[in-house]
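Accompanying notes for the structure given below.
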Amino acid sequence: MNPSIVKKAAAGLFLLALALFPLIITNDYYIHMAQMIGITVIVTQGLNLLSGYAGQISLGHAGLYAIGAYAAAIVTTNFEMPYLAGLVASILCSAVVGLLIGIPALRVKGHYLAMVTIGVGIIIEKVMNEGGDLTGGFAGISGIPGPEMFGFSLTGTGIYYMIVILAAVITVLLWNLIRTRPGRAFLALRDSETAAEAMGISRYRYKLIAFVLSAVITGIGGNMYAHTNNYVSPDSFTSHLSIFLLAMVILGGMGTVIGPIIGTILLYLLPEALKNFDDYHLIIYGVILLAFIVGLPGGIASLLPKAYRPKETLFNEEKLSKETVGGYEPGVVQGAENNHQAILEIVNLTKRFSGVVANDRVSMSVERGTIHSLIGPNGSGKTTCLHSISGLYRYDEGEVLFEGKSITSLKLHEKVGIGIARTFQHAQIFKELTVLENVMIGEHNLRKTGFLGGAMLLPRVVKEEKESQREALRILDWFGMKELAFAKSGDLPYGYQKILEIARAMASRPKLLILDEPAAGLTNTEIEQLEHILIKLRGAGVTILLVEHDMRLIMKVSNAITVLDSGRVIAEGSPADIQDNPQVIQAYLGDRKVG
Ligand code: ADP
Ligand code: MG
């Protein structure tokens, strides 16, 4: 049967079951359980946004959940203010705390970040316990009213429906977000922060937004918790819960839309099913959980064949791949009017690492419309020089001018906006994403879709996404990779990954393309393809700064060559000059075959 019909039928049945549930099951215990599952889905979706999509592991989400719950309890019960005031307080307070956790997260990663989030969870637990009259200490706050808006007050079944709608809306908004420009930026940061920045994505901005959005969604879950249970206490938001929430996301399928839903339902129902095992139930429970996490790292969602999972692209893959997509012109678009002859000038650039002078007063000038190669032995400072130009490194002395203007103060993610794109010596692709998505991230800076538009999937967003996909397909077609558009890029042979990196860089329509050893790891046939690509790009007006070891390629394509040795420029000139330069032969070329 057609997978898309199966998917629609399954989703329809699931929604129908949710709608009919309180009409069939009238037992209060089960209604309450369903309410709690729905609230927890809201929280795990929030956690999945941060940990699954943006790649920032949090072990403190129970703390954010508590913030939302206590804010609601304090405002509506201690201060007897209306429900909506409590909701605003839940959102604002969790946003502020999310921001506060996000700031250290800009400096620390991985395990260290997990430690920071655990710390925040513990502090929040402490505040709940020691908060005196405000938080009610160990006893917490009771007598919290149910949700009341515009003269309606909800109870039991009404609250159940409200939770289901809220969870569904949040799930769909996140699903939309992740399939459009801003969500893709999260995925890019997760896979390679450096490459994401090189494509114009500000790490600071997007990480902070991920923390704040995740916190707000979790806080909304907390708000719902308070009004559903009419009672909050520190016991409900322990650090165990944080681990439990993360386990739900991992078990269901981290970084997928349905993962948090599956994981939450299962981890709620499992203890119920194991109740009859008395004292052993926790052990059995732990073993099942561990077996899943170890044996199925992609979570339960990964058991579904791709065609049966929620769509990861907005448009029909088959239709897209059949569309004619010719007509890509790699020509320069961004601010083409500037005609400063030397597109890039490096003046006395010096970069030191404790003890090592990696670049020692390096000066060179790259003419517009040329391929300028930078060569030299391993460790001579080529990559360091490219890092300094692109903003990955801060250099100690000297200056870099682009089209006659100093770009010393621009950061890595700002370079793509003025027309500088680059690749890396060790290919930095977004390996969990498709080839097409990689190239679309290259367009990040040229597109506009923001968070609100993306989450709501406004008509103009759909239009822009379509155009962005088409452009990415055109580019892939030009690079001879269109057939691979929907393949996972991490599965590609290394040579293709390196070419993909160039295609992605070209998607930003740069004036200057910086390549760090693009031929390394390529087969001879692929190197020939690369040669054609470089010559075609130059023909279209793109200037290329090329670091390479393959002398045959260098001699064939270069207009000019600069030679580095131990961080210093030792020669500069045409390929013929360099080939015959005794100093270069002695330092680098030696008996390298130059054909
Ligand atoms: P190349 O790309 O020409 O092989 P690099 O620019 O990578 O050379 O390295 C030049 C010198 O700078 C080497 O001695 C290297 O060890 C040193 N170096 C490069 N990056 C760093 C770093 N992040 N920290 C310390 N030393 C570095
Ligand atoms: Mg290098």
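The values are calculated or read from the model by the stated rules, or taken from the named source; none is laboratory data. From a predicted model like this one, the values you see are computed outputs, not experimental measurements. Positions of Cβ are backbone-derived with ideal geometry, glycine not excepted, and every protein chain shown enters the neighbour counts. What goes into the accessible areas is simple: the full protein's heavy atoms, side chains included, and nothing from ligands, DNA or RNA. Shrake-Rupley method; radii C 1.70, N 1.55, O 1.52, S 1.80 Å.
Hey, among Arg181, Arg203, which residue is open to solvent by 10 Å² or more (accessible area, probe 1.4 Å), charged (D, E, K, R) and modelled with pLDDT of 95 or more?
Sole residue among the options that is open to solvent by 10 Å² or more (accessible area, probe 1.4 Å), charged (D, E, K, R) and modelled with pLDDT of 95 or more: Arg181.
Condition first: open to solvent by less than 40 Å² (accessible area, probe 1.4 Å) and of a type outside the set (A, V, I, L, M, F, W, C). Now tell me which residues in segment 239-270 satisfy that.
Ser242, Gly252, Gly253, Gly255, Thr256, Gly259, Pro260, Gly263, Thr264
For segment 352-453, list the strands (runs of 3 or more DSSP E) that sit wholly inside it and hold at least 2 residues that are within 16 Å of ligand 1 (Cβ to nearest atom); which are they? Give the derivation first.
Values: elements: 356-367, 371-375, 397-402, 420-422.
Output list reads 356-367, 371-375, 397-402.
Would you kindly identify the helices (runs of 4 or more DSSP H) lying entirely within segment 1-77 that contain at least 3 residues that are in contact with a strand residue (DSSP E or B) (Cβ under 8 Å, 6 or more places away or on another chain) and modelled with pLDDT of 95 or more? Break it down into steps so the answer makes sense when it comes.
On the way: elements: 3-24, 28-48, 61-73.
Filter on segment 1-77 gives 61-73.
Inside segment 376-411, can you point out the residues that are within 13 Å of ligand 2 (Cβ to nearest atom), on the phi > 0 side of the Ramachandran plot and open to solvent by less than 30 Å² (accessible area, probe 1.4 Å)?
Across segment 376-411, the qualifying residues are Gly376, Gly381.
Does Ala89 satisfy being without any contact (Cβ under 8 Å) to a residue 24 or more places away in the chain and within 30 Å of Thr117 (Cα to Cα)?
Against the criterion (without any contact (Cβ under 8 Å) to a residue 24 or more places away in the chain and within 30 Å of Thr117 (Cα to Cα)), Ala89 qualifies.
Pick out, from segment 201-280, the helices (runs of 4 or more DSSP H) lying fully within it that include 3 or more residues that are within 20 Å of the chain's Cα centre (by Cα), among the aromatic types (Phe, Trp, Tyr) and closer than 20 Å to Leu99 by Cα.
203-229
Among the residues of segment 308-321, is any outside the structural domain of Gly183 (by TED's automatic domain parsing), modelled with pLDDT of 75 or more, in contact with a Gly (Cβ under 6 Å, 6 or more places away or on another chain) and away from ligand 2 (no atom under 16 Å from the Cβ)?
No, there is no match, as no residue in segment 308-321 is outside the structural domain of Gly183 (by TED's automatic domain parsing), modelled with pLDDT of 75 or more, in contact with a Gly (Cβ under 6 Å, 6 or more places away or on another chain) and away from ligand 2 (no atom under 16 Å from the Cβ).
Right, Leu534: away from ligand 1 (no atom under 15 Å from the Cβ) and in a strand (DSSP E or B) or not?
Judged against the criteria, Leu534 is not a match.
Residue check, Leu401 against (1) without any contact (Cβ under 8 Å) to a residue 60 or more places away in the chain; (2) in contact with a Gly (Cβ under 7 Å, 6 or more places away or on another chain), all met but one. Which one?
Unmet condition: (2).
I'm trying to understand the selection: among the residues of segment 483-519, which are over 18 Å from Ser192 (Cβ atoms), surrounded by 21 or more Cβ atoms within 10 Å (Cβ to Cβ) and away from ligand 1 (no atom under 16 Å from the Cβ)?
Ala485, Arg509, Pro510, Lys511, Leu512, Leu513
Against the conditions (1) of a type outside the set (A, V, I, L, M, F, W, C); (2) more than 30 Å from Thr562 (Cβ to Cβ); (3) crowded, with 16+ Cβ neighbours inside 10 Å, where does Lys448 fall short? Just the number, please.
(3)
Take the residues of segment 545-563 that are polar (S, T, N, Q) and within 37 Å of the chain's Cα centre (by Cα): which is farthest from Asp580 (Cα to Cα)?
Restricting attention to segment 545-563, the residues satisfying the condition of being polar (S, T, N, Q) are 558-559, 562.
Now restrict to residues that are within 37 Å of the chain's Cα centre (by Cα): 558, 562.
On the way: Ser558: 15, Thr562: 14 Å.
Per the stated criteria, the residue is Ser558.
Within the bounds of segment 571-585, is there any residue that is in contact with a Ser or Thr (Cβ under 6 Å, 6 or more places away or on another chain) and under 29 Å from Gly495 (Cβ atoms)?
yes
Return the residues of segment 551-573 that are open to solvent by less than 40 Å² (accessible area, probe 1.4 Å) and of a type outside the set (Val, Ile, Thr); say none if nothing qualifies.
Met551, Leu553, Met555, Ser558, Ala560, Leu564, Gly567, Ala571, Gly573
Please give the number of the condition Lys536 fails out of (1) more than 22 Å from Thr434 (Cβ to Cβ); (2) open to solvent by less than 40 Å² (accessible area, probe 1.4 Å); (3) touching a helix residue (DSSP H, G or I) at 6+ places or on another chain (Cβ under 9 Å).
Against the list (1) more than 22 Å from Thr434 (Cβ to Cβ); (2) open to solvent by less than 40 Å² (accessible area, probe 1.4 Å); (3) touching a helix residue (DSSP H, G or I) at 6+ places or on another chain (Cβ under 9 Å), Lys536 comes up short only on (2).
So which residues in segment 476-499 are touching a helix residue (DSSP H, G or I) at 6+ places or on another chain (Cβ under 6 Å) and either assigned by TED's automatic domain parsing to the domain that holds Ile201 or modelled with pLDDT of 95 or more (or both)?
Ser489
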